[in-house]
Amino acid sequence: MHLLLIGPPGSGKGTQAHKLSTLFDLEHISTGGLLRHNPNLTDEQKEIINSGNLIPDEMMLEIVKAKIHSTHKKGWILDGFPRTKNQATLLSSILDEKKITIIYLDVDKNELLERITGRISCQNCGTVYHKQTKPPIKNGVCDECGGHLEHRADDNQKTLTHRLETYYIHTEPVINYYKEKNLLHSVPSSNSHSIEEVFERIKKILKR
Ligand code: AMP
């Protein structure tokens, strides 16, 4: 099983990818996570991430390719890639797009800021929490693995506005790219749909 999750920051890609990877034994490839945990990042690359800009396409493709080829799991979920139309084209040069299930998490723009500024995630297993809507049982500690919960450096109001602009300029064309090829499954994911509801919708798509 091979999956792409596309959506704006705060759309729930990380949460859904975590649930799906656990259920189907898939490698969760979060490109943002791989970058944040990469000890070899240069100061320039850290600055790109912390300001909400994008890392060059070719570097991202190499990171993704290496991860896809090294996994021993039954498949993978790509969370955060492709993020530009050029990345989508590069991906199509190494994989058959028709063999990938492409899911777009469709969230009302107005909900994203609140979702992201309250977000905290486990540094160990990646489980995502929200200070108001999905708090952990014990402050700062992951319910699932006991790992340490942290607020991401780029999850602040100032950077977020720019990350959303970057998303609408560079990533929205990726949605149209797959839509035009009839490969896009759109899943409504605004606050009126619970995490479980979204999860069930995705599972239904995967069963088809
Ligand atoms: P994310 O965790 O997916 O929100 O990604 C955090 C940051 O990592 C983004 O704001 C970008 O700076 C960088 N990043 C993650 N994935 C990509 C990608 N596919 N292309 C370029 N930059 C990326």
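Every number here is computed from the coordinates shown, using simple stated rules; none is lab data. Quantities reported herein were computed from a predicted structural model and do not represent experimental measurements. Cβ atoms come from the backbone with ideal geometry, glycine included; neighbour counts cover every protein chain shown.
Which shape class applies to the stretch 120-208: rounded if a/c is under 1.5, otherwise prolate when a/b exceeds b/c and oblate if not, where a ≥ b ≥ c are the square roots of the Cα gyration tensor eigenvalues?
Verdict is oblate for the stretch 120-208.
Starting from 0.36 nm per residue, how many nanometres of slack lie between residue 71 and residue 190 once their C-alpha separation is accounted for?
Extra length available between residue 71 and residue 190 comes to 39.6 nm.
Stokes-Einstein diffusion coefficient for the chain at 10 °C in a medium of 1.306 mPa s, Rh from the Kirkwood formula over Cα pairs: what value in µm²/s?
It comes out at roughly 91 µm²/s.
Can you list residues whose amide H is under 5 Å from residue 4's amide H, if they're 5+ apart or on another chain and H is modeled 1.01 Å from N?
78, 101, 102, 103
Among 131/207; 13/204; 74/158; 67/207; 13/131, which pairs are too far apart, with a Cα-Cα distance over 28 Å?
Violating the 28 Å limit, Cα to Cα: 131/207; 74/158.
Kindly put 162, 193 in sequence by how many other C-beta atoms sit within 10 Å of each C-beta, fewest to most.
Least to most surrounded, the residues fall as 162, 193.
How large is the Rg to Rh ratio of the stretch 1-119 when both quantities use alpha carbon positions and Rh follows Kirkwood?
With Rh from the inverse mean 1/r over Cα pairs, Rg/Rh is 0.95.
Using the beta-carbon distance between residue 137 and residue 162 and R0 = 30 Å, what value does 1/(1 + (r/R0)^6) give for FRET efficiency, to the nearest 0.05?
0.35
Sort 187, 128 so the one with the fewest other Cβ atoms within 10 Å of its own Cβ comes first.
By the 10 Å Cβ count, ascending, the order reads 128, 187.
Between residue 58 and residue 197, 0.36 nm times their residue separation minus their Cα-Cα distance comes to what?
Going from the current span to full extension adds 46.5 nm.
Compute the length gained on full extension between residue 113 and residue 151: take 0.36 nm times their separation in residues and subtract their Cα-Cα distance, giving the result in nm to one decimal.
Computed gain between residue 113 and residue 151 is 12.3 nm.
Through the Karplus equation 6.51 cos²θ - 1.76 cosθ + 1.60, θ set to phi - 60°, convert the phi angles of the stretch 47-59 into ³J(HN,Hα) values in whole Hz; use x for Gly and Pro.
Once rounded to whole Hz, the list reads 5, 4, 5, 5, 9, x, 8, 10, 6, x, 4, 5, 5.
Please rank 11, 186, 93, fewest neighbouring Cβ atoms within 10 Å first, as an exposure proxy.
Taking fewest neighbouring Cβ atoms as first place, the list is 93, 186, 11.
For the stretch 23-33, just list the computed ³J(HN,Hα) in residue order, Karplus coefficients 6.51, -1.76 and 1.60, θ = phi - 60°, integers in Hz, with x standing in for Gly and Pro.
With the stated coefficients, the stretch 23-33 comes to 5, 9, 6, 10, 6, 8, 9, 9, 5, x, x Hz.
Treat each spin label as a single point 7 Å out from the Cα along the C-beta direction, and report the residue 25 to residue 123 distance in nm.
In this crude label model, residue 25 to residue 123 measures out at 3.1 nm.
Using θ = phi - 60° and the Karplus relation 6.51 cos²θ - 1.76 cosθ + 1.60, list the HN-Hα couplings for the stretch 86-96 in order, rounded to whole Hz, with x at every Gly or Pro.
Listing the rounded values in order: 5, 5, 5, 5, 4, 4, 5, 7, 10, 9, 7 Hz.
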